[in-house]
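Comments concern the structure below.
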């Protein structure tokens, strides 16, 4: 089973009436360990989402297991059928919108975001291998999917970098139009912070923000040294546990919020 599928399997279903904004007030560590969708109290629906998205993430079953790979289209239809069977009906004014649990827009968003968040978290964990950190110590934030109205990620990158206290070229940089930083640098704590960006997901791995189209890719040691983020032969970033990384994220964001409120 893939890292991403394992991560999803370990999440606890959390029914909630909370809105997206309300959910941001919950500790990031708790959110990373929970499977939820804003204003969704149907436990069985969340369990079905979790199971079906697990089928998307796990294309190769473990020994002795039946194949459970699903496409997003299959999962969408399965969710619609389930909601019809239980007699779900949205409020008339919500029909077809993101508030409608049976709308294509809502279902597609739940599938896409939970799939990508599990993949991003799995990638982050895999990158904590000391050998990988030594050979590919850098990471580039890049556009993996086009958008009709793309957000200005270069501007976000500068703002996130400024919050670290490190001047550009120290741990993070913009090389031409490339956004590159050392893995585990503080900039990754800030680029996904909802204290800086209203649409951020409060995560330290991609996709960082709702429907962003952004992802990360490795930058090898030679390029990292060439752009000045590491000196020749300098030690690579140190591995981090996910607990320590999220604790550091929560601490930084909490301190920032208090400073803003003061």
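Set the Förster radius R0 to 22 Å, insert the Cβ-Cβ distance between residue 144 and residue 71 as r into 1/(1 + (r/R0)^6), and round the FRET efficiency to 0.05. Provide the component values of the computation, followed by the final result.
Details: r = 19 Å, r/R0 = 0.87.
It comes to 0.70.
For the chain, the longest principal axis of the alpha carbon atoms and the long axis of helix 72-85 meet at an angle near 40°. Rounded to the nearest 0.05, the FRET efficiency derived from the C-beta distance between residue 22 and residue 175 at R0 = 35 Å is 0.35. Principal-axis analysis of the Cα atoms of the chain puts helix 104-126 at an angle of about 40° to the longest axis. In the calculated pair-distance distribution of the chain, the portion above 24 angstrom amounts to 52 percent of the Cα-Cα pairs.
Which whole-angstrom value gives the distance between the alpha carbon centres of the stretch 138-169 and the stretch 208-230? Going from one Cα centre to the other spans 10 Å. Ranked for footprinting exposure by Cβ neighbours inside 10 Å, fewest first, 191, 132, 86, 204 give 86, 132, 204, 191.
The C-alpha atoms of the chain define a longest principal axis, and helix 43-57 lies at about 50 degrees to it.
Over the stretch 130-261, Cα pairs under 8 Å with separation of 6+ residues give a relative contact order of 33 percent. If R0 is taken as 51 Å, the Cβ-Cβ distance between residue 39 and residue 226 corresponds to a FRET efficiency of 0.60.
Rule-based calculations on the coordinates, nothing more; no lab input. Here the structure is a predicted model, which means the values were calculated and not measured. Don't worry about glycine lacking a Cβ; one is built from the backbone with ideal geometry, like all the others, and counts go over all protein chains shown.
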